[in-house]
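In what follows, a structure is listed as structure tokens, so that the remarks can point back to it.
The values are calculated or read from the model by the stated rules, or taken from the named source; none is laboratory data. In this text the structure is predicted, and so the values were computed from the model without any measurement. In this analysis, Cβ positions are derived from the backbone assuming ideal geometry, glycine residues included, and neighbour counts consider all displayed protein chains. These area figures cover heavy atoms from the full protein model, side chains too; ligands, DNA and RNA do not enter into them. Shrake-Rupley method; radii C 1.70, N 1.55, O 1.52, S 1.80 Å.
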Amino acid sequence: MYPKKELAQFIVAAHHKYKIDTVVISPGSRNAPLIIGFSNHPDIETISIVDERCAGFFALGIAQQKQKPVSVLCTSGSALLNYYSAITEAFYSNIPLVVISADRPKKYIDIGDGQTIRQENVFENHILFSANLNEEFNHKNFQIINTALATSILKKGPVHINVPFDEPLYETVASLHSFNFYKFSDKTFEKSYINYKNLSKIWNDSDKKMILVGSNYPNSDLQKVIDKLIEDDSVLLLIETTSNLNHKNAINSIDQLILSLSESEIKKFQPDVLITFGGMIVSKKIKQLLRKHPPKHHWNIDEKKSTNTFFCLSEFIHAKPSDFFSKFISYIKIKDSKYQSLWLKIRDEKRAKHLEFIKKVEHSDFKVFHQVLESIPSDCHLQISNSAVIRYSQLFSICKTIKVFCNRGTSGIEGSTSTAIGAAYASKKQTVFITGDLSFFYDSNALWNEKIPKNFTIIIINNFGGGIFKIISGPMSINSVKYFETPHSFTAEHLCKMHGFRYYKANSTQNLEDKLKGFYLKKDKPKVLEIFTPSSKNAFVLKQYFKYIS
């Protein structure tokens, strides 16, 4: 059974040609020709998610893990706009996402017809390519669809295909048209020339080289060259929780190291050469420090575009980081310097104080993060939501066999749960998702999904409001704090019952320790562990922590 509309046939055939084998569909009628085509194709998996916002982030999670495009499909009208948050996340996180919207023919737009909006170019500020099709079965449409899919694959980001369908919508045929496809070359996306000789001269003449890594997909080749580079004592490696890089000589808790540095210490820390790659940097403190005390040279490495985070970019290296370093390493020499060893000594002193504080701290968000992160099984995937949760995670070491992911493209709380579920579904790995209460409840429709794996676990740290707004100084200094913090009295228990999750709760250090014993071994149903913490104490404990390690 195939859709009678040839344009729908071609879009489905193009997906098969480009090996886009997963389509997340939200129900509707105007998209019926494509629903018929995708759902009846033997090599394309179709998944139904009712809420388009959840569908967009669920697809994003699958694409995050597969590192290839996943498509989302919706009907006409306002349904399409619910994808926008996921599209912006895909745009800034370099995740391939194909957004397909059914539309009414142009003659029905802006005349008072139902379920119509101006869908063409609606995402133009955050999309790599907008394919605005006409209703005809013609060469121009074929070329535009080819370009859209190839762009998502080669440039790694979101594209939008808007497809007008007139009625009738449900007609089917028994055979398909035969289509010819264009061969797309990578030449459109060639990398620029890299002057390794000049760069290596700057590197070899510098006593202080810093490599700062943001969110990064796990890459064993990259890990190998980083291991080699860090053998040089003039090289200091700063990694974030989401970098998915590890080394015994890396600084993995950046704020822990730099929070209380004096001006003279900052001068010693300030690099001659700063190399950055990966996604957005979580640590606000390192951004502030390097903007106020910029390096002599800042090189940013990326396959797509430069990121001038510190307002001092001197070189954009248009390449995969692993490819660049693999070649660059043959040009460079080890420099006689104590830069790395000096800061590792300070790091170890801070770590010792960190461990001392953990032993004496009372039940709080801080203590809970220590207990939870220590408990996560090796070799599993860890998904982390935004706001205070990702920031707390930066203060702790995580087992190097655990892969860590977070929606840091736009740093929003919406869609975190949906993304984690999509990622768990795609990876088939045991996945733990740590989230705050507001983030969880905001995306509670994510649980309305029959594809949630049995080995998926959500850990909610419920402090009954937006805890981050007690940490930052501004909101607490005014009389409108409830509009920032959003206090509430909700728990996840009834949601878990409705959606078939096992539910556990803890409200003290000992209670949590008892609950975590054998907790991850139960894999017959997805589960939630909700940990209640004292909202009034959490910010105080965190401030005491930074004071203690200073």
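A few notes on this one:
- Antiparallel DSSP beta bridges within the chain, percent to nearest 5: 5
- The distance from the alpha carbon centre of the range 80-144 to that of the range 294-335 is 35 Å, rounded to a whole number.
- Peptide ranges 430-436, 247-253, 173-179 listed from the most packed, as the mean C-beta count within 10 angstrom indicates: 430-436, 247-253, 173-179
- Summed residue charge, Cβ within 14 Å of K285's Cβ, Lys/Arg positive, Asp/Glu negative: +3
- In this Cβ point-charge picture (+1 for Lys and Arg, -1 for Asp and Glu), the chain has a dipole of about 1600 debye about its Cα centre.
- The residues of the chain expose on average 44 square angstrom of accessible surface per residue, using a 1.4 Å probe on protein heavy atoms.
- Labels on offer are (1) 39, 34, 25; (2) 42, 31, 20; (3) 40, 26, 23, and the one holding semi-axes √(5λ) of the Cα gyration tensor in Å computed from this structure is (2).
- Between the helical axis of 84-93 and the longest alpha-carbon principal axis of the chain there is an angle of about 50 degrees.
- Basic side chains Lys and Arg get +1 at the Cβ, acidic Asp and Glu get -1 at the Cβ, and with that the dipole of the range 212-323 about its Cα centre reaches some 400 debye.
- Helix 416-427 axis versus longest C-alpha principal axis of the chain: approximately 80°, rounded to the nearest ten.
- Simple spin-label estimate for T46 and S397 in nanometres, 7 Å along Cα-Cβ: 5.1
- Taking every DSSP helix (H) stretch of at least 4 residues in the chain, weighting each as -39,500 (n - 2.57) and dividing the sum by the residue count yields a mean residue ellipticity at 222 nm of -11000 deg cm²/dmol.
- Prolate/oblate/rounded label for the range 385-455 (Cα gyration tensor, a/c 1.5): oblate
- Sorted into 10 angstrom bins from 0, the C-alpha pair distances of the range 1-142 split as 12, 43, 38, 7, 0 percent.
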